[in-house]
Structure formats: C-alpha cells, structure tokens
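Structure record follows, encoded as structure tokens.
The values are calculated or read from the model by the stated rules, or taken from the named source; none is laboratory data. All of these numbers come straight from a predicted model, not from anything done at the bench. Here the Cβ is made from the backbone with ideal geometry for all residues, glycine too, and neighbour counts use every protein chain on show.
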Amino acid sequence: MKKIIVKILEWEARLMLSRHKTHIIGVTGSVGKTSTKDAIAAALSTSLAVRKNEKSYNSEFGVPLTILNLKSAWSSPFGWLINIIIGLWRACTDYLPTSSYFVLEVGADHPGDIGRLVKWLKPVMGVVTGFGSEVPVHVEFFPSIESLVAEKGKLLESLPEDGVAFINRDDARSWDMRSLTRARVVSFGTSADSMTKADGVRISYDEGGKPKGTSFRVDIAGKSIPVRLCGALGKGHMYAALAALAVANELEVNLLNAVAALEAHRTPPGRLRVLAGINGSTLIDDTYNSSPAAVKIALDTLHELEVTGRKIAVLGDMMELGQYSEQEHRKVGSWLPGVVDVLMCVGERSKWIGDEAQKDGFKKESIYYFADSVATGQFLVSDFGIRASDLILLKASQSIRLERATEMLLAEPSRSSELLVRQDKEWKKK
C-alpha cells in the first residue's frame, strides 16, 4: 500500500512541476539541512514565491507532499485517499504562482534515496551543508561512510551545466564533492577564500548575562553586512545563514532585505534554540536529532558560552550509526571533561558516553544514568535542584524523545507546542 501511495503522489507532483515554471533548490548534507532549508526560504521569500518542506519532509513521501502542499495522513487510509484527490486537483489546476521556487531538503536513509528523487525533481541549484569529521548520521544502512557521502553527492551530479552548487568550504567532505558537478560552484564558510565569508562570529548576551543569539559579519558581493540571529546558538546557524545569503545573492534578491528576514526568522524547534527554563535556568534545546558531528557542534557551543553557574549536558543515544555506534558514543564521552560540569546519559547506548567520560577524568559523582527521557525530566525537576545560573543542553536522537524532558523544564510549559519539536497529536501518541 505504501509503495502505491508514494507512486501516485510522485506522479501528481511530477505533473504539477511539468505544468508550471518551477525552480528546484535542493539541500543535503548530514548536519544542518533543515535549518539551512528554512533560512534559504526565509531569505528568498522577501521577493520570490517560495515553498519549502514543512518540518523535515525530505523523503519519498515528504517531497511530493511538499510540492502538492499536503500534510501527512499518518496511518489513515481515508486521509491518504483525500490527499490523493486534492493532490490531483492541484496538479491539474493553476494552483502554483507563475514562477515558484521550491527549497527542498533531500535526505538519504538508504542507498538510492537521493538518486531516485533528483531524477524527477531536476534541481537547478544544490546546497551541501556539511558532514563534519565524525561518522555521519544515517550510515547504518550503507556499506560505508563513503557510500553515504556518495549518495548525498547525487544532488550535485544531477545539476545542469548552467546550474549552481553551493558548498560549505570549511567542511572537507563537502568541499571534495565539488568535482562531482558540472554546475558552477559557489563556496561559503569562514575560510579566507570563501565567496560568501563570515568572520567575527560570537555569541551575544542579554543584560542579565544569558545567551540570546549569534552575531557575525558577512562579506558577499563586495559588501560587508552585520547579521544577528536571535535565539539561535552555534556555528551551525551561521552556516545556514551563509548558504541562504549565497543563494539570495545568486537570485538577485536584495541582500539587506534577506539579512533582515534572517534576523526576524525563528530557527526550527530543537536546533540549538535558547529557551527559558524553570527556576530562571537557561535551556539549549537541541532535541530534534543527533549524530557525532551534531553533538560536536553543540558541545563546542556549550564550551564557548560564558556562564556563572553549572553547564549540564543531557545526552541521549545517537541512532543509525550501525557498526560505529560504540566507538562514536565513546568519542563523545572523551569530549566532555573540561566542557561540562554535570552529565546525564539517557538510553542504553549513552552508557558508553558516561563510561568514556569517566575514563577521561570526569567525576563519577557528576554522571547520572536514565532509561528514558521522562525519568530524566522528573529527576531534573524534582530531585536535582536546578538553579537560576544553570545552563542545560539537551540532545539526543529522535527516538529518545528528549523533548519530553525539555517540556518539563520549560519556564512556560503551556508554550510547548510552539517551542518544541514533535508536538503534533500523532507524535504525542507515540
């Protein structure tokens, strides 16, 4: 049944694209895809008709749903039938604006995923966010790391000669992929030879000394423009903004308007967002998903932050690492001494994190272990004694559902549906 629904939705999406003047901008990589996709859409929407994947609809299901502007029907057969009917109507009418830009995140859980998508999407621009030096997420179902990177490279291979590839100059794996494309390459990063370059990256603080965002300057097209991202921490969001400005410049969008849109844009939930916690504490909510590279970015950000209280890392299992699982969890543990004061491990695999941290000198009495996110949240709220000066990072893979602990720690839990990931009623049932 699933394969039939996918084929019908794909056919309808292809029909819609064939009947309208559309421009596909694909976004891939192993870290920062959703943040980058959202930043590009925000920057372009100041002057162009733009549609993007909602949330992380980046699969064989999600991409057609995005193009047809439909929501997932989850496990409802009737809901999928309604989607198919509406999708056909939209594909056969003038539903889209005359010239539309689709900013589409394309993911790969298995070999061939991106290759199949780009074959019919035919993107004219492609963005590669980064892989980091660690083992990428989703490698479990690939024979090697290189095969996963090669699958991501299918996006660049699909670009036409008159297309444009935007590549993170600072990421070695990403930059090596430039040889895969016939398209013109535009680099972004902090490297001196990046065509869209950031410098002066720093974390900004409010009057009370709490972190409030990230600021930097961007050199692009002969201009130097200050950028201030509110409520978002870390270089990951900086790279997303750089990619967005590079794409905006290529499409001749006014850069000052694009920067203003990025500054007003609120980053997606669960991606290094600063939230107010109980007892006056500060939460860094990074609960959307996890991988070794993403944990490294989060811990680097935590290390950089200037606080008077404790730095507490709540780290859950990293999934889909296959044969690399134990070594990568242990590697995370080796990064923790000198960076955080208290470690809380959530899930079976995270025990390797705590074990390695202790071997590297982390105090045993400052390490806690929990079976699930609910038990973690209950302990933090009731027994741990959170203080106003505490800074709490929460990060784990999706299946750990660490947002449940974050919800317990929110200063305004009534806003959880607005602030946190996976708040749809279908997710709440799981």
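Looking at the range 230-245, which of the residues that are under 28 Å from residue 391 (Cα atoms) and not small (Gly, Ala, Ser) is nearest to the chain's Cα centre (by Cα)? Even if it seems obvious, please write down each step before you answer.
Filtering the range 230-245 for residues under 28 Å from residue 391 (Cα atoms) gives 230-242.
Cutting the leftovers down to not small (Gly, Ala, Ser) gives us 230, 233, 235, 237-239, 242.
Numbers: 230: 17, 233: 13, 235: 12, 237: 9, 238: 12, 239: 11, 242: 15 Å.
Of everything passing the filter in the range 230-245, 237 is nearest to the chain's Cα centre (by Cα).
Please state which one of 253, 307, 340 is in contact with a Lys or Arg (Cβ under 7 Å, 6 or more places away or on another chain) and either surrounded by 20 or more Cβ atoms within 10 Å (Cβ to Cβ) or over 22 Å from residue 174 (Cα atoms) (or both). Show your work before the answer.
On the way: 253 fails: in contact with a Lys or Arg (Cβ under 7 Å, 6 or more places away or on another chain); 307 fails: in contact with a Lys or Arg (Cβ under 7 Å, 6 or more places away or on another chain).
Just a single option satisfies the conditions, and that option is 340.
Looking at the range 304-334, which of its residues are out of contact with any strand residue (DSSP E or B) (no Cβ under 8 Å at 6 or more places or on another chain) and within 20 Å of residue 211 (Cβ to Cβ)?
Initially, the range 304-334 is screened for residues out of contact with any strand residue (DSSP E or B) (no Cβ under 8 Å at 6 or more places or on another chain), giving 308, 318-331, 333-334.
Residue satisfying the conditions is 308 alone.
Which of the residues belonging to the range 228-248 are surrounded by fewer than 20 Cβ atoms within 10 Å (Cβ to Cβ) and in contact with a helix residue (DSSP H, G or I) (Cβ under 6 Å, 6 or more places away or on another chain)?
Across the range 228-248, the qualifying residue is only 228.
Could you tell me whether any residue of the range 210-229 is modelled with pLDDT under 95, over 22 Å from the mean Cα position of the chain (by Cα) and under 30 Å from residue 374 (Cα atoms)?
Yes, because at least one residue in the range 210-229 is modelled with pLDDT under 95, over 22 Å from the mean Cα position of the chain (by Cα) and under 30 Å from residue 374 (Cα atoms).
Take the conditions within 20 Å of residue 424 (Cα to Cα), crowded, with 17+ Cβ neighbours inside 10 Å and not aliphatic (A, V, I, L, M) and apply them to residue 79. Does it pass? Walk me through how you get there before you give the answer.
Working: within 20 Å of residue 424 (Cα to Cα): yes; crowded, with 17+ Cβ neighbours inside 10 Å: no; not aliphatic (A, V, I, L, M): yes.
No: the conditions fail for residue 79.
Which residue pairs have Cβ atoms under 8 Å apart, sit 6 or more places apart or on different chains, and have a first residue in the range 99-114 that is over 12 Å from residue 27 (Cβ atoms) and a second that is of a type in the set (S, T, N, Q)?
99/22; 100/22; 101/22; 108/28; 109/59; 111/147; 113/59
Name the residue, out of 155, 180, 148, 159, that is within 18 Å of residue 113 (Cβ to Cβ), surrounded by fewer than 22 Cβ atoms within 10 Å (Cβ to Cβ) and aliphatic (A, V, I, L, M). Before the answer, list the steps.
Values: 155 fails: surrounded by fewer than 22 Cβ atoms within 10 Å (Cβ to Cβ); 148 fails: surrounded by fewer than 22 Cβ atoms within 10 Å (Cβ to Cβ); 159 fails: surrounded by fewer than 22 Cβ atoms within 10 Å (Cβ to Cβ).
None of the others qualify; the one that does is 180.
Here's a check for you: in the range 196-222, which residue that is of a type outside the set (Gly, Ala, Ser), out of contact with any Asp or Glu (no Cβ under 9 Å at 6 or more places or on another chain) and surrounded by 13 or more Cβ atoms within 10 Å (Cβ to Cβ) is farthest from residue 272 (Cα to Cα)? Before the answer, list the steps.
Let us first name the residues in the range 196-222 that are of a type outside the set (Gly, Ala, Ser), namely 196-197, 199, 201-203, 205-207, 210-212, 214, 216-220.
From the residues that got through so far, the ones that are out of contact with any Asp or Glu (no Cβ under 9 Å at 6 or more places or on another chain) too are 201, 206-207, 210, 214, 220.
Now restrict to residues that are surrounded by 13 or more Cβ atoms within 10 Å (Cβ to Cβ): 201, 210, 214, 220.
Values: 201: 16, 210: 14, 214: 11, 220: 26 Å.
Only one residue tops the list, namely 220.
Evaluate the range 41-54: report whether one residue or more is in the same structural domain as residue 109 (by TED's automatic domain parsing), free of Cβ contacts under 8 Å to residues at least 40 places away in the same chain and over 18 Å from residue 246 (Cβ atoms). Quick ask: steps written out before the conclusion?
If we filter the range 41-54 for residues that are in the same structural domain as residue 109 (by TED's automatic domain parsing), which is where we start, we get 41-54.
Retained after the next criterion (residues that are free of Cβ contacts under 8 Å to residues at least 40 places away in the same chain): 54.
With over 18 Å from residue 246 (Cβ atoms) added as a condition, the list becomes 54.
Checking the range 41-54: at least one residue is in the same structural domain as residue 109 (by TED's automatic domain parsing), free of Cβ contacts under 8 Å to residues at least 40 places away in the same chain and over 18 Å from residue 246 (Cβ atoms).
Determine whether residue 164 is within 20 Å of residue 51 (Cα to Cα), at pLDDT 95 or above, of a type in the set (A, V, I, L, M) and touching an Asp or Glu at 6+ places or on another chain (Cβ under 6 Å).
yes
Please specify each residue of the range 330-376 satisfying the condition of being more than 23 Å from the chain's Cα centre (by Cα), touching a residue at least 40 places away in the same chain (Cβ under 8 Å) and more than 21 Å from residue 297 (Cα to Cα).
Residue satisfying the conditions is 376 alone.
Within the range 84-96, can one find any residue that is outside the structural domain of residue 397 (by TED's automatic domain parsing), out of contact with any Lys or Arg (no Cβ under 6 Å at 6 or more places or on another chain), basic (Lys, Arg) and surrounded by fewer than 16 Cβ atoms within 10 Å (Cβ to Cβ)? First the steps, then the outcome.
Start the filter on the range 84-96 by keeping residues that are outside the structural domain of residue 397 (by TED's automatic domain parsing), which leaves 84-96.
Going one step further and asking which of them are out of contact with any Lys or Arg (no Cβ under 6 Å at 6 or more places or on another chain), we end up with 84-96.
Still in the list and also basic (Lys, Arg): 90.
Checking the rest, the ones that are also surrounded by fewer than 16 Cβ atoms within 10 Å (Cβ to Cβ) come to none.
Taking every residue of the range 84-96 in turn, none turns out to be outside the structural domain of residue 397 (by TED's automatic domain parsing), out of contact with any Lys or Arg (no Cβ under 6 Å at 6 or more places or on another chain), basic (Lys, Arg) and surrounded by fewer than 16 Cβ atoms within 10 Å (Cβ to Cβ).
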